[in-house]
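Worksheet: the structure to be examined is printed underneath.
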Amino acid sequence: MKIIRTLTITVDEFYDDLEASILTRLNASQTDGKYDRDSIRAGLRYVQGPKTAPTSFLVTDYVRGVRYCAEARSLGDVSSLSYHTEPKEKGLLVIYEQIIEGYEEASAKKNLFLRGFSDAVYLSRMSNSLYDIQSRILRQREGIPDPKTFPLSQRKEPALYKLYKKSLEKKEK
């Protein structure tokens, strides 16, 4: 499936974020040295995840500022994704394509309503992932830390957890 969005970020910000994400995963998964930006190129392979269910990644094409294409293989899935970018006056045009092997065949077997619903969810997740990238970059631009990295004392408790704590307090009384 393919979506096209215009993000309010620059091409350099997009690829800096993409490279940082890849390098974080790459350096966490490899034990033989550290990798840098120059390591990201077509042919780069790395494995991530537990040894019982690893996922292998292959960068199939990479031209900074233009496109990034990769393939992921796990025990049950093969998927490929690509970002093609083009700077515009009002931001960055991103063409994001994701193909999950077998999705089309499985989708074709569903009735029209379920197929439409599945496709809508799929496209929504793709769109959300692009807007998450944009949000992360805009927070960095403003100097706001990522909410996932706040110290525990500064994190907001989820509403369900607050209710759970209240129920425990009532039981103790």
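Quick note: the coordinates plus some simple rules give every number you see, no bench work behind them. A quick note: this is a predicted structure, and the numbers were derived from the prediction, not measured. Using ideal geometry, Cβ is built from the backbone for each residue, glycine included, and neighbour counts are taken over all protein chains shown.
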Count the net charge of all other residues whose Cβ sits under 12 Å from the Cβ of Ile137, scoring Lys and Arg as +1 and Asp and Glu as -1.
-4
Which order do the peptides 15-23, 83-91 take when ranked by the mean count of other beta-carbon atoms within 10 Å per residue, highest first?
15-23, 83-91
For Gly91, list long-range residues whose amide hydrogen, built 1.01 Å from N in the peptide plane, is under 5 Å from its own amide hydrogen.
none
List the DSSP H helices in the chain whose Cα atoms stretch 24 Å or more along the helix axis and whose mean Kyte-Doolittle hydropathy is at least -1.0.
11-29, 112-142
Hypothetical label at Lys2: residues of segment 96-137 whose amide nitrogen lies under 15 Å (7 Å Cα-Cβ projection):
96-100
Dividing the helical contributions, -39500 (n - 2.57) per DSSP H run of n ≥ 4, by the residues of the chain yields a 222 nm value, nearest 500 deg cm²/dmol, of -13500 deg cm²/dmol
I want to check the label-to-label distance for Arg115 and Tyr161. Put each point 7 Å from Cα in the C-beta direction and report it in nm to one decimal.
4.3 nm
Considering only lysines 8 or more places apart in sequence, or on different chains, count the pairs in segment 1-149 whose C-alpha atoms sit under 25 Å apart.
6
When we measure straight from the Cα of Lys162, which aspartates and glutamates land under 20 angstrom away, once same-chain ones fewer than 8 places off are left out?
Glu172
Taking the convex hull of the Cα atoms, report for segment 2-172 its projected area averaged over all directions, in nm².
15.2 nm²
Hey, got the dipole for the chain? About the Cα centre, +1 on K and R Cβ, -1 on D and E Cβ, debye to the nearest 20?
1000 debye
